[in-house]
Amino acid sequence: MTPAASAPSLPSTIDLLLKHDRPVPRYTSYPTAAAFHEGVTADHLAAQLARPTAEPLSLYVHVPFCRNACWFCGCNRITTGAGATVVEPYLEALSGELALISRHSAQRRRLSQLHWGGGTPNYLSTPEQERLWGLIEAHFDLQSDLEASIEVNPESLSREAVVALRRMGFSRISFGIQDADPEVQRAVNRVVPVDQLRRVMGWMRDAGFASVNVDLICGLPLQTPERFEATLALVQDLRPDRVSLFSFAYLPDQLPLQRRISPADLPSRLQRLQMLRSAAGRLGASGYDAIGMDHYALREDGLAVAAREGRLHRNFQGYTTGGEVELLGVGPTAISQFPHLFSQNWRDLKAYRASIAAGRLPVERGLTVTDPEVLERRELIREVMCHFRADLDPERWSVEWADLEALADDGLVRLSRTGRQGRVEVTDAGRWLIRTVAAVFDPSQRLRASGSRLI
């Protein structure tokens, strides 16, 4: 079984899939963000930054603003039409945060990866984006082969804006389709006509982006397998380099905006499975490798190449090609990820700005990780999530091995032993439940299941 493979097949019966589908984390980190606490402060991040290193860095910039709220969204965002009125103080605060980072850093860091997310990064006008790019250049050295990516909302995007992003230095770009059906779009308050989606893809190709990603969501209100087929046909026609196919997590108790969605409008679990199966089949037949649990990439794309070569990595940005690169997050609610430290900035914009104004790194909470067993569990989870296999001592990990044996009995994993060494390999059927397999190594899930389901 290779990390990048043809589309996974569904288990032989829906009952088997439903048996093992339970709330589990997405494991963009381990421990997960649910373990963060306020005992981690700006001092912890300052101490981390002060450590000398010659290694490159990945920088994430969180742009929190959106003009309209998508009702399915669980991202940290600020919905406003105020434009420059809110962007100007945000950029001033971001400038202050970057200055604080430089002040605490042992040396000027070199960026190998840069990602702008949100929110909606193209909420910023082109001059505002150029100002932000300039702030980054003022504090970091950009590698000649920098992988710079940005998420954009296609709704109000123009050809000129796309060209400006490419000229600025972005090489990868991503936009959300979610679902192309007008009824489904209206049901989640995100209406983007198909003609605009086609224009946006054309502009991105003309601008010369190295990779274009589109996001799809399965399980939205009013979605049906028949309607989703039209969306998949559009994606096949657009032929992006990468496709992210997310399963909608309906959590109205945690995400008040989702209360505008009636549960009666959601597709059934069987319909969701049908849509996921159709997507996997169509994309696999169109030359896409299945990457991890919910990504697809054309075979020649860098993500598919990294998966085949065993270089796939996973962090708060999802699957990446950069390996074990330290991640520094800037902007409100951004998360930084180091081998032994997680830190998250203040989610409240006022608190974020106040901390910077007081001369303190805007850390609200986080987690230190030094326990060797926790670090081993992290590596096992990463191996499963990225490479669909892991090696372990069955005697030492006897509880986990017993759980894996139960999954093996249902054909979701294969187990083998050579002396004291054991290996777990995820089967094609098990790929649908990769998070469930990874959760075997997470003891917190034994106490209380948390996260989201596949369907």
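The lone criterion from (1) modelled with pLDDT of 95 or more; (2) part of a loop (DSSP other than H, G, I, E, B); (3) closer than 25 Å to Glu38 by Cα left unmet by Glu364 is number (2). The condition of being surrounded by 15 or more Cβ atoms within 10 Å (Cβ to Cβ), closer than 24 Å to Ala148 by Cα and not assigned by TED's automatic domain parsing to the domain that holds Phe140 holds for only one of Ser355, Ser336, that being Ser336.
Quick grid of which residues meet (1) of a type in the set (Lys, Arg); (2) under 19 Å from the mean Cα position of the chain (by Cα); (3) modelled with pLDDT of 95 or more; (4) not in a loop (DSSP other than H, G, I, E, B):
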| residue | (1), (2), (3), (4) |
| --- | --- |
| Ala408 | no, no, yes, yes |
| Arg423 | yes, no, yes, yes |
| Arg435 | yes, yes, no, yes |
| Ala439 | no, yes, yes, yes |
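Note on the range 236-255: residues that are polar (S, T, N, Q), modelled with pLDDT of 95 or more and part of a strand (DSSP E or B) total 1. Here Ile291, Ile261 are screened, and the one residue that is buried (at least 18 other Cβ atoms within 10 Å of the Cβ) and either outside the structural domain of Asp145 (by TED's automatic domain parsing) or more than 30 Å from Gln143 (Cα to Cα) (or both) is Ile261. Residues of the range 104-121 include at least one that is within 25 Å of the chain's Cα centre (by Cα), part of a helix (DSSP H, G or I) and modelled with pLDDT of 95 or more.
Could you please let me know if Ala304 is within 25 Å of Leu276 (Cβ to Cβ), in contact (Cβ under 8 Å) with a residue 60 or more places away in the chain and either over 17 Å from the mean Cα position of the chain (by Cα) or part of a strand (DSSP E or B) (or both)? Answer is no for this residue.
Checking each residue in the range 256-266 for being more than 30 Å from Ala285 (Cα to Cα) and part of a loop (DSSP other than H, G, I, E, B) picks out Ile261, Ser262. Of Val214, Val194, Val188, which residue is over 19 Å from Gln317 (Cα atoms) and buried (at least 21 other Cβ atoms within 10 Å of the Cβ)? One residue alone meets the criteria, Val188. Screening Ala34 on (1) on the phi < 0 side of the Ramachandran plot; (2) surrounded by 15 or more Cβ atoms within 10 Å (Cβ to Cβ); (3) under 23 Å from the mean Cα position of the chain (by Cα); (4) of a type outside the set (Asp, Glu) shows it passes everything except condition (2). Taking the numbered list (1) within 22 Å of Ala210 (Cβ to Cβ); (2) among the hydroxyl-bearing types (Ser, Thr, Tyr); (3) surrounded by fewer than 16 Cβ atoms within 10 Å (Cβ to Cβ) in turn, Ser268 passes all entries but (1). Just one residue in the set Arg378, Arg360, Arg347, Arg365 is more than 25 Å from the chain's Cα centre (by Cα) and among the charged types (D, E, K, R); that residue is Arg360. Taken over the range 20-45, residues that are of a type in the set (Asp, Glu) and touching a helix residue (DSSP H, G or I) at 6+ places or on another chain (Cβ under 8 Å) amount to 1. Count of the range 194-233 residues, restricted to those that are in a strand (DSSP E or B) and either of a type in the set (Phe, Trp, Tyr) or under 15 Å from Ile177 (Cα atoms) (or both), is 7. Residue count for the range 105-129 satisfying the condition of being surrounded by fewer than 15 Cβ atoms within 10 Å (Cβ to Cβ) and either out of contact with any strand residue (DSSP E or B) (no Cβ under 7 Å at 6 or more places or on another chain) or not assigned by TED's automatic domain parsing to the domain that holds Ile78 (or both): 4. Residues in the range 49-64 that are in a loop (DSSP other than H, G, I, E, B) and aliphatic (A, V, I, L, M) were compared, and the one that is nearest to Ile101 (Cα to Cα) is Ala50.
The values are calculated or read from the model by the stated rules, or taken from the named source; none is laboratory data. Small disclaimer: the values here were computed from a predicted structure and weren't measured. Every residue, glycine as well, gets a Cβ built from its backbone with ideal geometry; the counts of neighbours run over all protein chains shown.
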